[in-house]
Amino acid sequence: MTEEKEKELDKRVEDLRAVRRLLAEGNEIPLVHPWAFFAWAFLVGAGAVAHYALYVRTGIEVKTALVWIWLPVLIAASLAEAVSWAIRISKESLPLLNRRVGSAILAAIASVIVLTVVIIHLALVAITPGLAILLGSLPLVFYAQICYAPLFIETFAGIAVGLLFEFAGARGPASFLVAGLAVAVLYAVSGGHAHLIERRRRG
């Protein structure tokens with residue numbers, strides 16, 4: 001057997017082991033490291049505080065805040081998440097091209113695009129603190145479905161808080177600050193939960 005064929009065989013064996021390990025874990029595929037959730041939590045929390053502080057001091061408009069605060073937050077958090085994906089993929093043999101995961105990733109990308117447009121439109125027209133929390137909870141659905149099923153706890157907790165804010169009629173700058181911090185806490189708790197799940201899997 002040539003050296004090239006041996007390498008190919010070793011690669012196939014490793015792929016099979018990875019698939020077997022993932023099946024043993026209940027078909028959950030950890031696509032990101034838990035610290036990606038913490039990065040989102042920090043950036044969203046910082047963005048919420050910065051937006052509130054600037055609104056109180058200068059009366060910053062929503063359009064300006066979107067460009068100078070929330071767009072950089074979105075870009076920075078997305079880059080952190082992408083780096084986490086790249087590190088996870090490079091260190092572990094993840095079958096990312098199978099039909100189930102590939103479809104889920106494409107669905108997540110499509111959802112992010114649609115959500116971004118919806119959020120921008122609502123922010124300029126009729127965004128409320130409750131809707132902000134509900135929209136912030138949606139990305140967790142993807143990770144709960146593919147990576148960590150127990151994260152559905154945080155997902156529905158976020159939905160419950162968002163509905164509570166909405167039905168209570170929460171409005172105003174202070175309510176938006178609390179909503180932003182609530183989403184940040186939601187992401188931080190999700191990151192901690194994901195970390196505990198991975199520790200249990202490693203034994």
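The values are calculated or read from the model by the stated rules, or taken from the named source; none is laboratory data. What you see is a predicted model; the values in this text were computed from it and never measured. Every residue, glycine among them, receives a Cβ derived from its backbone with ideal geometry; neighbour counts consider all protein chains shown.
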Can you go through L138, L106, L94, L124 and tell me which one is under 26 Å from I60 (Cα atoms) and modelled with pLDDT under 90? L124
Every residue in region 126-165 that is among the β-branched types (V, I, T) and under 13 Å from L186 (Cβ atoms), please. I133, V141, I153, T155, I159, V161
State whether one or more residues within region 9-29 are among the aliphatic types (A, V, I, L, M), on the phi < 0 side of the Ramachandran plot and modelled with pLDDT of 60 or more. yes
Determine the pairs where a residue that is more than 21 Å from T58 (Cβ to Cβ), located within region 167-190, has a partner that is buried (at least 18 other Cβ atoms within 10 Å of the Cβ) and polar (S, T, N, Q) with Cβ atoms under 8 Å apart, the partner being 6 or more residues away or on another chain. A170/T128; V183/S137; L186/S137
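Here is a yes/no grid of residues against (1) out of contact with any Cys (no Cβ under 7 Å at 6 or more places or on another chain); (2) in a helix (DSSP H, G or I); (3) of a type in the set (K, R); (4) under 21 Å from V118 (Cβ atoms):
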residue	(1), (2), (3), (4)
A132	yes, yes, no, yes
Y143	yes, yes, no, yes
A157	yes, yes, no, no
S175	yes, yes, no, yes
V185	yes, yes, no, no
G192	yes, yes, no, no
E198	yes, yes, no, no
R201	yes, yes, yes, no
Looking only at region 123-135, decide whether some residue is within 21 Å of I89 (Cα to Cα), in contact (Cβ under 8 Å) with a residue 12 or more places away in the chain and over 20 Å from the mean Cα position of the chain (by Cα). no
Output yes when any residue across region 44-51 is surrounded by fewer than 17 Cβ atoms within 10 Å (Cβ to Cβ), more than 23 Å from S84 (Cβ to Cβ) and either modelled with pLDDT of 90 or more or in contact with a helix residue (DSSP H, G or I) (Cβ under 8 Å, 6 or more places away or on another chain) (or both), and no when none is. yes
Just for region 192-203: of the residues that are surrounded by fewer than 20 Cβ atoms within 10 Å (Cβ to Cβ) and in contact (Cβ under 8 Å) with a residue 12 or more places away in the chain, which one is nearest to L66 (Cα to Cα)? G192
